[in-house]
Amino acid sequence: MKRFLKSGTWVRLKTRHWTGKEGFLLEDEKDGLVIIITDGSSGLEATREEVAVLHRQEPPHDLFPMRKRLPYGRYNCANGDIVLYNRDYEPLMRCSRNGEIITCDPLERIQYVDQDWFYLDGDPPWDNKKTLKRCIEALAWKSVNIRHSSSHDRGESAGAAWHRRISMAGG
């Protein structure tokens, strides 16, 4: 009989996965499957044989899990406020048009007129250093550079929207 891994155990996937390599065990199921939280997943399923227990039982970095802690995009509100949101579209923080920065309740419903994204699925911060830097700078409100923005309301082509760069001053 196999010994179950304790929930909260820090593990490493033995093979590379697009959602990240390290994470913590959420659940060890009786059928030999484990559910892991990684930087990019909220519940990745793997077999016990696909994971190894980490010697250091602590988060791999201060921003873990990036999916929840880093901005994925921003909501542009009618009153001029900008709200950063994570990969699960939960609001992280709001910068009012007068510059006041407020931490948001993740359950808060944001009324917005437009939204922009810092990255797409092909270049997430856990797999791309430039994206990671962009997201960290956005959290520090040094710049809110957008990688991809919604284009249907502006009448832009997808290519024009992709290359457009927006900063807080210009956005």
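The values are calculated or read from the model by the stated rules, or taken from the named source; none is laboratory data. Keep in mind that this is a model prediction, so the values were computed, not measured. Using ideal geometry, Cβ is built from the backbone for each residue, glycine included, and neighbour counts are taken over all protein chains shown.
Overview of values
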{"item": "Any hit, segment 34-42, residues being of a type outside the set (S, T, N, Q) and either assigned by TED's automatic domain parsing to the domain that holds N128 or more than 18 Å from D127 (Cβ to Cβ) (or both)", "result": "yes"}
{"item": "Restricting segment 41-55 to residues that are among the charged types (D, E, K, R) and surrounded by 14 or more Cβ atoms within 10 Å (Cβ to Cβ), the residue that is modelled with the highest pLDDT", "result": "E50"}
{"item": "Exclusive hit being at pLDDT 90 or above, surrounded by fewer than 20 Cβ atoms within 10 Å (Cβ to Cβ) and closer than 30 Å to V11 by Cα, set I35, I110", "result": "I35"}
{"item": "Selection from segment 20-42 of residues that are touching a Leu at 6+ places or on another chain (Cβ under 8 Å) and assigned to a strand (DSSP E or B)", "result": "E22, G23, L25, D28, V34, I35, I36, I37, T38"}
